[in-house]
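Novice: Mind looking over this structure? Questions follow.
Only the coordinates and a few stated rules stand behind these numbers; no lab work does. Keep in mind the model is a prediction, meaning the values are calculated, not measured. Ideal geometry is used to build each Cβ from the backbone, glycine not excepted, and the neighbour counts take in all protein chains shown.
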Amino acid sequence: MVDNKVKEGENILIYASKGKNWLVKATHGAKVHTHLGYIELSEVIGKEYGEVFETNLGAKMAVLRPYLIDYVMKSSRTTQIVYPKDVGLIILETGLSPGATVIEAGTGSGALTTALANFVRPDGHVFTYEMRPEFIEVAEKNLKRSSLRDFVTIKNKDASMGFDEKDVDIAVIDVGDPWRLASPAYNALKGGGAIAAILPTVNQAEKLAIELHKLGFINVHTVELLLRNIEVREGMSRPSTRMIAHTAYLMFARKTILKS
Ligand SMILES: C[S@@+](CC[C@H](N)C(=O)[O-])C[C@H]1O[C@@H](n2cnc3c(N)ncnc32)[C@H](O)[C@@H]1O
């Protein structure tokens, strides 16, 4: 049976409430300062996951194991990141699964890379392309924190010049001019392989769809996911008044090959 106790060096989530939680490394001698007082991490090491404890000011907190969603949302950010609601559909629409080979452009903060790496392991791999070295540093840091670095190769290259990999299962595109990557992605994908693109604007979607059809992709379809939080309280439950109204359109397609 797996020991369910916090060990020194593990990443832990200190949970105060849904909107307030901290992802930290359990380190003897370290403190986490919060608006509700501080926590001595030495006191958390050895506690059982799920256990409730108090800050120096008596505020109650719980210690949890971080999940993938925590790593994605708490990525250090140099760019806009792909949100969990969009990541979920990308996984299903592309058939992302253990053993898959994935190419990605661009890496940005590595939030989506983190999710892709999580699902290809242990035998698959993500090859991610990023033009700006300063973004790569941050993405690397994020991937190391989630212990997924080994499943990713980061290339400081312009993906519009072509991907080095061939016969890949999945291509994921999150750049400003995605239509320029349609042909490089087509050339790298195996027959039947899936492409997914994250597109903040309608203009990007139109231009990319035209390219995908020209190249012979099929099942080209585009969606937008709207996520609305519901505040559930006895006798007064209702949707939250505020929401993130737009993240990106998602376009998906599959590669076909015409044999002459
Ligand atoms: C919106 S960010 C990607 C965010 C990322 N999906 C995440 O979740 O953190 C877009 C990134 O693509 C990079 N980029 C743009 N064009 C590129 C290209 N042709 N090849 C490689 N990277 C590119 C940019 O430098 C930028 O970092």
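Novice: Given C-alpha coordinates of region 11-66, what is the ratio Rg to Rh with the Kirkwood estimate of Rh?
Specialist: In region 11-66, Rg relative to Rh is 0.90.
Novice: Mind checking which aspartates and glutamates have their Cα closer than 19 Å to the Cα of Lys18? Skip sequence neighbours fewer than 8 apart in that chain.
Specialist: By straight Cα distance, Lys18 reaches Glu51, Glu54, Asp70, Glu231, Glu234.
Novice: Compute the length gained on full extension between Ser183 and Lys144: take 0.36 nm times their separation in residues and subtract their Cα-Cα distance, giving the result in nm to one decimal.
Specialist: This chain segment gains 10.9 nm when fully extended.
Novice: Tally Lys/Arg at +1 and Asp/Glu at -1 over every other residue whose Cβ is under 13 Å from the Cβ of Thr153; what's the total?
Specialist: -3
Novice: Calculate how many DSSP beta bridges within the chain are antiparallel, expressed in % of all such bridges and rounded to the nearest 5.
Specialist: Close to 65 percent.
Novice: To the nearest 0.05, how large is the calculated FRET efficiency for Trp22 and Val232 if R₀ is 25 Å and r is the Cβ-Cβ distance?
Specialist: So the FRET efficiency works out to roughly 0.50.
Novice: How many angstrom lie between the C-alpha centres of region 220-260 and region 154-207?
Specialist: When both Cα centres are located, 21 Å separates them.
Novice: A follow-up question, please. List the trypsin sites (Lys or Arg not before Pro) in region 193-236 that DSSP assigns to loop (not H, G, I, E or B) and whose Cβ has at most 11 other Cβ atoms within 10 Å. Which are they?
Specialist: Arg228, Arg233
Novice: How big is D, in µm² s⁻¹, for the chain by Stokes-Einstein at 25 °C and 0.890 mPa s if Rh is the Kirkwood radius over C-alpha pairs?
Specialist: Taking Rh from Cα pairs, D becomes 122 µm²/s.
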